[in-house]
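The values are calculated or read from the model by the stated rules, or taken from the named source; none is laboratory data. Everything numeric in this text was worked out from a predicted model, so none of it was measured. Neighbour counts are summed over all protein chains in view; Cβ atoms, including those assigned to glycine, are modelled from backbone coordinates with ideal geometry. Only protein heavy atoms, including side chains, enter the accessible area calculation; ligands, DNA and RNA are left aside. Shrake-Rupley method; radii C 1.70, N 1.55, O 1.52, S 1.80 Å.
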Amino acid sequence: MFRKWKKKKLLYLIPLLLPVVALGLFFGLWQRPSALDGSLHCETYADVTAESGAGVKSARGRKDTAAAKSGVTESSAGETAQSAESAAQKVSIYLCGAVAHPAVYEVPKGARLHEVLALAGGFSENAAQDAVNLAAVVEDGSMVRVPTMEEAARGTAEALAEESAGSGKVDLNRADKEALMRLPGVGERKAEQILAYRKAHGKFKSTEEIKKIPGIKEKAFEKLKDSITVSE
């Protein structure tokens with residue numbers, strides 16, 4: 001009797017256990033894909049991260065290269081502008097005649113003739129040193145010829161001959177000491193002062209400029225003005 005009841009009980013339990021087993025299998029199978037999916041997600045995320053990092057590095061590399069090229073271009077432009085500015089502050093002068101090394105010299109703008117003469121090695125032995133104004137500011141593209149003493153003497157003689165044959169006026173820019181001393185009221189000292197002024201300031205621009213010589217004022221100039229002239 002008991003055995004029959006036990007068999008009947010097992011027959012009733014089997015249908016109840018089948019759903020439980022089925023649910024267990026279902027939940028077991030459902031968990032596996034989840035783990036696989038998580039693995040796939042991790043791998044995909046790693047790939048995306050690697051590609052993103054490579055892209056950032058590539059973009060950063062292009063940016064650095066562009067910045068380097070820009071720096072080189074700006075540096076070249078700056079050097080070109082600086083060279084142009086430096087060239088604009090230079091002047092060229094041809095110094096020739098009685099100097100050690102006649103040539104074209106490039107000097108800073110505003111340089112004096114004595115600076116160019118130093119570059120040329122100074123005067124030669126037979127130079128008429130008083131014939132040029134060493135304090136004069138040199139001009140771009142100009143030529144300065146230092147005469148020899150013989151040339152200077154010949155030029156003075158010719159100037160005096162022209163004065164005698166012409167108007168008879170003394171040229172303040174060409175006359176020597178003896179010619180200046182022939183002017184009314186001009187002795188040896190004033191003649192030397194006129195020569196010193198001409199050497200320091202260059203040629204007289206007008207006859208009235210002689211009034212800048214000490215001792216020659218308006219009254220003295222009135223006596224001199226008909227006897228003097230200035231050449232270019």
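Counting only protein heavy atoms and using a 1.4 Å probe, the accessible area of TYR105 comes to about 30 Å². Extension gain, LEU134-GLU106: 0.36 nm per intervening residue step, less the Cα-Cα distance, totals 8.4 nm. Placing R0 at 22 angstrom, the Cβ-Cβ distance between ARG145 and SER227 gives a FRET efficiency of 0.15 after rounding to 0.05.
Rolling a 1.4 Å probe over the protein heavy atoms leaves THR229 with an accessible area of roughly 50 Å².
For ILE228, the residues whose modelled amide H falls within less than 5 Å of its own, excluding neighbours fewer than 5 places apart on the same chain, are VAL170. Using r as the Cβ-Cβ distance of GLU115 and GLU192, and R0 as 35 Å, what FRET efficiency do you calculate, to the nearest 0.05? My answer for the efficiency is 0.85. Here the 3J(HN,Hα) profile of the stretch 112-120, calculated from phi with Karplus coefficients 6.51, -1.76 and 1.60 at θ = phi - 60°, is 9, 4, 5, 6, 5, 4, 5, 5, 7 Hz, Gly and Pro shown as x.
Take the Cα of GLU218, step 7 Å toward its Cβ, do the same at LYS90, and the gap between the two points is 5.2 nm.
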